[in-house]
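Structure record follows, encoded as structure tokens.
Read-outs: derived from the displayed coordinates by stated rules, not from any lab. Here the structure is a predicted model, which is why all the values come from computation and not from measurement. Cβ placement follows ideal geometry from the backbone for every residue including glycine, while neighbour counts extend to all protein chains displayed.
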Amino acid sequence: MKVQFENLEKGEEIGSRDISVTRADLVRYAGASGDFNPIHWNERFATEVGLPGVIAHGMFTMGAAVQLVTDWVGDPGAIMDYQTRFTKPVPVPDAQGAENPATGGNVISVSGTIGALDEEARTARVDLTVSAPDTEGKEQKVLGKAQALVQL
Amino acid sequence: MSETKGINPEIVGRVYPAREVFQVGREHIRDFARAVKAENALHFDVEAAQQAGYADLVAPPTFAIILAQKADAALIQDPGAGIDFSRVVHADQRFTHHRPIVAGDELSTEVHVDKLRAMGAGAMLTTREEIKDAAGQPVATCVSSLLVRGES
């Protein structure tokens, strides 16, 4: 089912999803991106620099969140512009009990709505709401002004 | 220069030319796509990408961060810039795609230092990475703001 520009309305929801993130995911992202900052894998280092513990790469969250838009439009090449602010860290605690290192972690919630439509350019701006629980379990907005401009 | 955290204000306007050519491989794209939990076939299946009109596998929308951060090393390692990387926090990020990045691209990245301003006890540094292909045509523009934290 292809997205048709003519059928879109401002304010319309494009969907939502939950993205799990574990220490294993952060190691994988570090390797794929080349971002080996120890705050994303070393608890001792993260705590020493004043963080609550290991946190996700902001760019992991930004990169994973936009998949909602890619899957909605069906073509990653249609995303012409994508921006965000990193407002709060996503803590990624280790597994409790640690029988499996791929457990533990956190869950990032993503939802998207059509924020603007440009008829002349045939573009839609998708505004993403991205949140995750902090160390107290309180849901926090982790990205601000997360907007993807999609060519249709 | 306490108001900009010891960062040399003369770096504003400076351009760090591309130091190397980045050859985009299919496995780069597949690995990065898995790392951001992307599932779209155009990242993994060459035939699907070609049927959709692309020369080869299409990179996810935030793939250019690999090139941007690699190129930023020229600035961060410049002893004349005075940036203490251990105090750097990623504040915001934007990608503007002039065309999608595909496997087989040979890309070079130039770093522009656009802005430096005091932010409380710290400083906000804005850089722009211009990515071009082998023919010198623009592929992507990345704009990154880094917050260099003050003494805590």
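Would you mind finding the longest exposed-site-free stretch of chain A, with exposed GluC sites (Glu not before Pro) meaning DSSP loop and at most 11 other Cβ atoms within 10 Å?
Between exposed loop sites, the widest span is A:10-98.
Output the Cα-based Rg and Dmax of chain A in Å, rounding Rg to one decimal and Dmax to a whole number.
Rg, Dmax (Cα atoms, Å): 17.0, 56.
Pick from B:ASP31, B:ASP133, B:ASP56 the residue whose mean-square fluctuation is largest in a GNM of chain B, springs joining Cα atoms under 10 Å.
Evaluated over chain B, the most mobile residue of the options is B:ASP31.
By what distance, in whole Å, do the Cα atoms of the protein assembly as shown stretch along each of the three principal axes, largest value first?
Principal axes ranked by extent give 54, 51, 36 Å for the Cα atoms.
At most 11 other C-beta atoms within 10 Å and a DSSP loop state: those are the exposed trypsin sites (Lys or Arg not before Pro) I care about. Give me the longest piece of chain A that has none.
Value returned for the longest uninterrupted segment is A:11-137.
So how tilted is helix B:26-35 from the main axis of chain B? Cα-based, degrees 0 to 90, rounded to 10.
Once rounded, the angle reads 60 degrees.
Across the residues of B:27-39, average count of Cβ atoms on other protein chains within 10 Å?
Partner Cβ neighbours, averaged per residue: 6.
Could you state the angle between the C-alpha long axis of helix A:23-33 and the longest principal axis of the C-alpha atoms of chain A, as a value from 0 to 90 degrees rounded to the nearest 10?
Between helix and principal axis, roughly 60 degrees.
When Rg is the radius of gyration of the Cα atoms in region B:10-77 and Rh is its Kirkwood radius, what does Rg/Rh come to?
1.11
Give me the compactness ratio for chain B, meaning the Cα radius of gyration over 2.2 N^0.38 Å.
Chain B yields a ratio of 1.16.
Placing +1 on the Cβ of each Lys and Arg and -1 on the Cβ of each Asp and Glu in chain B, which of B:CYS142, B:GLY82, B:VAL58 has its Cα farthest towards the positive end of the resulting dipole?
Of the candidates, B:GLY82 comes out farthest on the positive side.
Hey, how many Å between the Cα centroid of region A:1-80 and the Cα centroid of region B:47-90?
15 Å
Compute the angle between helix B:65-76 and the longest alpha-carbon principal axis of chain B, please, reported from 0 to 90 degrees and rounded to the nearest 10.
Computed tilt is about 30 degrees.
Between A:LYS138 and A:LEU8, how high is the FRET efficiency from 1/(1 + (r/R0)^6) when r is the Cβ-Cβ distance and R₀ = 30 Å? Nearest 0.05.
According to the calculation, E is roughly 0.35.
Report the FRET efficiency, 1/(1 + (r/R0)^6), for B:GLN137 and B:GLN51, where r is their Cβ-Cβ distance and R0 is 25 Å, rounded to 0.05.
0.55
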